[in-house]
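Everything on this sheet refers to the single structure shown next.
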Amino acid sequence: MTSLSDLPIRDDLRGQEPYGAPQKSVRLALNVNENTHPVPDEVVAHVTAAVERAVRGVNRYPDREFSELREHLAAYLGPDVSPTQVWAANGSNEIIQQILQAFGGPGRSVLGFPPTYSMHSIIAAGTGTRWVAAERDDDYRLSPATAVAAVTQHDPDLVFLCAPNNPTGTPLELETIEAVYAASRGIVMVDEAYAEFMPAGRESALSLLPGRERLVVSRTMSKAFAFAGARLGYLAADPAVVDALRLVRLPYHLSAITQAAAVAALEHAPAMLQTVQAIREQRDRLVVELAALGYTPHESWANFVLFGGVDDPRATFDYLLENDILIRDVGLANHLRVTAGTPAETTEFLEVLGRMTR
Ligand SMILES: *Cc1c(COP(=O)(O)O)cnc(C)c1O
């Protein structure tokens, strides 16, 4: 047995921390923003049959271009997105990694606005891309002026935006994305992992793609789509961006089983998304009821709520865990984050939290 620091590891990885959301077996896992509703039975049967067909062919390599899957993803994103604009990988984390491999790397920088998705800076480190952290406005908002000032000051090779933002839930206006794009010379990636949970009628950054060849919109099947364990993330961008990612992806990175499962799930997209409205209602309920308990929840357009006013986050986290409820300490002073689950899960979380003497 030796320790990490004794190994001839890259100097820039020394002292780094791995992604570490605790994985514990609890009755109520409200910590990593999964869709806590089970996959509907009819979809389980359809996906299983598709996977069985795929297994019969796994002596051969899969379609390296995953053309059928890209057609389904493009159709899901709407009539303005063509399959040539779509790319997929094993989770949107791998999408982000491929973007940084192609457009970042040693000697290059990526600008982000913490608190934001922790994997953005961790993948930057893994690819040798310098992570530059800029400030947000009050209540974690990001105005066009604030974002543009940071772009102008740092002149990054990439800008990562998160809309709505994790871990805060904060909405991001399209005006900010447009302004960042106009002010920058590099890739602008908008991480829309939670897009399906935005209020009805709000436009996604997909609407900004025409004429903006440096803009990338990343999505995932891990959240609203209730498919986290299958590992499928994707993006929409100019077809030239897709060409760039072909230079860095490993051949056959999406297994035949992954492709078959994702296509089958997309064929049942309405069934897979039928819980989204119920989850939005639980999110809004969390905001109201956490405030009634004396906490300070933040506005959220995602499927989780960040709440402040927690005197001792560690103690509250541990107390919930003793009650078989796992939520997330995202490292923000006096704050915790909870995923909006089923009505019963939300009720139990609120009741247990309400019983805690503060
Ligand atoms: C959960 C999450 C992802 C999803 O990652 P996958 O690798 O697709 O599971 C991406 N971005 C953000 C902001 C997230 O919160």
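The values are calculated or read from the model by the stated rules, or taken from the named source; none is laboratory data. Please read these numbers as outputs of a predicted model, since none were measured by experiment. Neighbour counts are summed over all protein chains in view; Cβ atoms, including those assigned to glycine, are modelled from backbone coordinates with ideal geometry. Side chains are part of the model used for accessible areas, which takes the heavy atoms of the whole protein and leaves out ligands, DNA and RNA. Shrake-Rupley method; radii C 1.70, N 1.55, O 1.52, S 1.80 Å.
Applying the criterion of being in contact with a helix residue (DSSP H, G or I) (Cβ under 8 Å, 6 or more places away or on another chain) and assigned to a loop (DSSP other than H, G, I, E, B) to the residues of segment 38-59, the residue that is farthest from the ligand (Cβ to nearest atom) is Gly57. Among the residues of segment 208-227, the ones that are out of contact with any strand residue (DSSP E or B) (no Cβ under 8 Å at 6 or more places or on another chain) and touching a residue at least 40 places away in the same chain (Cβ under 8 Å) come to 6 in all.
Of the candidates Ala230, Ala200, the single residue that is free of Cβ contacts under 8 Å to residues at least 24 places away in the same chain and either open to solvent by 30 Å² or more (accessible area, probe 1.4 Å) or basic (Lys, Arg) (or both) is Ala200. Note on segment 166-197: among residues that are without any contact (Cβ under 8 Å) to a residue 60 or more places away in the chain, under 11 Å from Arg141 (Cα atoms) and buried (at least 21 other Cβ atoms within 10 Å of the Cβ), the one that is farthest from the ligand (Cβ to nearest atom) is Thr176.
Being in a loop (DSSP other than H, G, I, E, B), in contact with a Ser or Thr (Cβ under 7 Å, 6 or more places away or on another chain) and farther than 17 Å from Gly20 by Cβ is the filter here, so list the residues in segment 101-117 that pass it. Correct list: Gly104, Gly105, Arg108.
Does Pro144 count as surrounded by fewer than 19 Cβ atoms within 10 Å (Cβ to Cβ), free of Cβ contacts under 8 Å to residues at least 40 places away in the same chain, more than 16 Å from the ligand (Cβ to nearest atom) and under 25 Å from Gly91 (Cβ atoms)? Criteria not met by Pro144.
A quick yes/no check of all residues on (1) of a type outside the set (A, V, I, L, M); (2) part of a loop (DSSP other than H, G, I, E, B); (3) farther than 27 Å from Pro38 by Cα:
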{"residue": "Trp301", "(1), (2), (3)": "yes, yes, no"}
{"residue": "Thr316", "(1), (2), (3)": "yes, no, yes"}
{"residue": "Val330", "(1), (2), (3)": "no, yes, no"}
{"residue": "Gly341", "(1), (2), (3)": "yes, yes, no"}
{"residue": "Phe349", "(1), (2), (3)": "yes, no, no"}
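With the structure loaded, tell me whether Glu281 is touching a Ser or Thr at 6+ places or on another chain (Cβ under 8 Å), charged (D, E, K, R), open to solvent by 20 Å² or more (accessible area, probe 1.4 Å) and not assigned by TED's automatic domain parsing to the domain that holds Val86 or whether it fails that test. Here the answer is no, as Glu281 does not meet what is asked.
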